[in-house]
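Written out below as structure tokens is the structure these notes cover.
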Amino acid sequence: MSTTLDHPNTQTSPASLPPNVITLPQTAQLEALYTIIRDKNTPRGEFIFYSDRIIRLLVEEGLNHLPVIPKTVETPTGATYEGVSFEGRICGVSILRAGEAMEAGLRDVCRSVRLGKILIQRDEETARPKLYYAKLPEDVASRYVLLLDPMLATGGSAIKAVEVLKEHGVPEDRIIFLNLISSPEGIKTFCGKFPQLRMITGWIDKGLNEKAFIIPGLGDFGERRYTI
């Protein structure tokens, strides 16, 4: 017998969610997608297909937060339509390697979008995130940036990535961080440091375990996407 959920039953809603955090509409369909990609028995092909569906939803929601200007067009009937068009240009910047998996979803929605990449890894001596590689569009400072990383655990890599973007002249309020799953701890740290950017997450999980893994999470996103 099937049941209809009034609301998803695994979403965590921190009492003091920062005002710059937006979650996807929490529907039963969305929870079904997350149930599939969280399942350790889901084959790689299905993991890719269903995670891509969520990524496209995140991109569409991200575009909702870009500024628009009035635009008038003529329809095939000869009537005029008072609409809007996007103001400014965008680019996507992925945090390697898992963030690279979100680029296809961005391209599906935004044709010919410019892309950049940032590689951040843990420095074994300092245990802090360290920048190893950054390739950004030359005019990144004049664009709205969709920052891509599927998992936000402690927030260390995302914080370092935003610092890199700001060093390249990107205003904080022109950065939109797109993320599939986040922890309350990561949200607090990340958004506390950057209150002017916007973060769009698909799901907020219960928290981090003693190894700083998101629980219940879905494991290593990049590993499940590329190797299993």
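The values are calculated or read from the model by the stated rules, or taken from the named source; none is laboratory data. Everything quoted here is computed from the prediction, not taken from an experiment. All Cβ positions, glycine included, derive from the backbone under ideal geometry; neighbour counts span all protein chains shown. SASA here: full protein model, heavy atoms, side chains in, ligands and nucleic acids out. Shrake-Rupley method; radii C 1.70, N 1.55, O 1.52, S 1.80 Å.
A compact table of results
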quantity	calculated
Fraction of the pair-distance distribution of the chain above 27 Å, Cα-Cα pairs, percent	35 percent
Surface accessible to a 1.4 Å probe, residue 133 within the full protein complex, Å²	100 Å²
Equivalent ellipsoid, the stretch 115-228 (semi-axes from 5 times Cα gyration tensor eigenvalues, Å)	23, 16, 14
Equivalent ellipsoid semi-axes - Cα gyration tensor, the stretch 25-159, angstrom	32, 23, 12
Antiparallel DSSP beta bridges within the stretch 96-200, percent to nearest 5	40 percent
Cut-off under 5 Å, modelled amide H: who pairs with residue 144 long-range	89, 90, 91
Rg/Rh for the stretch 163-208, where both radii come from Cα atoms and Rh is the Kirkwood radius	1.01
Mean shadow area of the stretch 19-74, taken as a quarter of the surface of its Cα convex hull (nm²)	6.4 nm²
Those lysines that a straight Cα-Cα span of less than 27 Å connects to residue 166, excepting residues fewer than 8 apart in one chain	117, 130, 135, 188, 193
Cα centre as origin, Lys/Arg/Asp/Glu Cβ charges: the chain dipole, Debye	340 debye
Residue-averaged [θ]222 nm for the chain, counting only DSSP H segments that reach four residues, each worth -39500 (n - 2.57)	-9000 deg cm²/dmol
Span-like helix ranges in the chain, DSSP H, alpha carbon extent 20 angstrom or more, Kyte mean at least 0.0	44-63
DSSP beta bridges in the stretch 48-137 [antiparallel fraction, %, rounded to 5]	70 percent
